[in-house]
1. Regarding region 84-102, can at least one residue be identified that is closer than 18 Å to LEU64 by Cβ, among the hydrophobic types (A, V, I, L, M, F, W, C), in contact (Cβ under 8 Å) with a residue 12 or more places away in the chain and in contact with a Gly (Cβ under 7 Å, 6 or more places away or on another chain)?
2. Can you pull out every residue in region 203-214 that is more than 12 Å from the chain's Cα centre (by Cα) and either within 13 Å of LEU179 (Cα to Cα) or surrounded by 15 or more Cβ atoms within 10 Å (Cβ to Cβ) (or both)?
3. Would you confirm, using the coordinates I've provided, whether SER129 is among the hydroxyl-bearing types (Ser, Thr, Tyr) and over 19 Å from the mean Cα position of the chain (by Cα)?
4. Could you check region 78-100 and list, in sequence order, the residues that are crowded, with 19+ Cβ neighbours inside 10 Å and either touching a Pro at 6+ places or on another chain (Cβ under 7 Å) or among the small types (Gly, Ala, Ser) (or both)?
5. Do we have any residue at all in region 141-152 that's under 21 Å from TRP73 (Cα atoms), exposed (fewer than 13 other Cβ atoms within 10 Å of the Cβ) and among the aliphatic types (A, V, I, L, M)?
6. Scan region 57-73 and report the pairs whose first residue is over 18 Å from ASP146 (Cβ atoms) and whose second residue is assigned to a loop (DSSP other than H, G, I, E, B) and open to solvent by 20 Å² or more (accessible area, probe 1.4 Å), with Cβ atoms within less than 8 Å and a gap of 6+ or a chain change.
7. Counting only residues that are among the basic types (Lys, Arg) and open to solvent by 50 Å² or more (accessible area, probe 1.4 Å), which one in region 153-165 is nearest to the chain's Cα centre (by Cα)?
8. Give the residue, chosen from ILE170, ILE132, that is among the hydrophobic types (A, V, I, L, M, F, W, C) and open to solvent by less than 10 Å² (accessible area, probe 1.4 Å).
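The values are calculated or read from the model by the stated rules, or taken from the named source; none is laboratory data. Because the structure is predicted, anything quoted here is derived from the model rather than measured. Ideal geometry is used to build each Cβ from the backbone, glycine not excepted, and the neighbour counts take in all protein chains shown. For the accessible areas, the whole protein counts, side chains as well, though only heavy atoms, and no ligand, DNA or RNA atoms are used. Shrake-Rupley method; radii C 1.70, N 1.55, O 1.52, S 1.80 Å.
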Amino acid sequence: MRKNFVIASAMSIMLVSCGTMGTTQTGNASSGNNGSVLGGILSSMGNGETIGNILTSVIGMDKLTTSTITGTWKYDGPGCAFTSDNALAKAGGEIAATKIEDNLKTYYDKLGLASSNTYITLNSDGTFSSKINGKSFSGKWTFDEDASLLTLKGTLLTINGYAKRNTNGISILFEATKLLSLMQTMAAISGNSTLQGIGELSKNYDGLRIGFDMKK
């Protein structure tokens, strides 16, 4: 079922882009042109990544529902995605997303993140409990399905993030500054050089959201 969705989505993008693909080769098309976007993404796929990988690198391409994300999710590695296919194309496509996750893994490993100390439970009654590197964060949550927007409201901090589907489960992603604020508030490690490195990484890519891949 999911495979059919991915194929259909990919075909839809291609069909929308057909009317403009010819102009992208002349160099006269605007950067916002659908053909330019798709061409930029596809041209970056020198390592054989699939259309399905591209779709899961863009927030909102494969929408989740409130019922889908309800449950307990455990850390499965670093996650990242872009806010639009245009942002993904400008960054260099799926290859760039893979490279960003590799770099994030170095930082996350230094922080000691693991499935045993980093997880979140999204309850059906609208409450959540979580730990990041063993530090607790709990409160209430809401999910805007149209915008893929996940809001976590705790006693000390309210943070907006995004949820998207990935190969093994979901990704919960944030603007870099909000992710750092969450970690700093919970762990009181604002001067940590590892966290600063995460912030610097995100500055290199417009429209990038970073966070955690999670699985049940």
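1. no
2. TYR205 - this is the single residue of region 203-214 that is more than 12 Å from the chain's Cα centre (by Cα) and either within 13 Å of LEU179 (Cα to Cα) or surrounded by 15 or more Cβ atoms within 10 Å (Cβ to Cβ) (or both).
3. Against the criterion (among the hydroxyl-bearing types (Ser, Thr, Tyr) and over 19 Å from the mean Cα position of the chain (by Cα)), SER129 qualifies.
4. GLY79, ALA81, ALA87, ALA89, ALA91, GLY93, ALA96, ALA97 - these are the residues of region 78-100 that are crowded, with 19+ Cβ neighbours inside 10 Å and either touching a Pro at 6+ places or on another chain (Cβ under 7 Å) or among the small types (Gly, Ala, Ser) (or both).
5. Yes, region 141-152 has at least one match.
6. GLY71/LYS216; THR72/LYS216; TRP73/LYS216
7. ARG165
8. Just a single option satisfies the conditions, and that option is ILE170.
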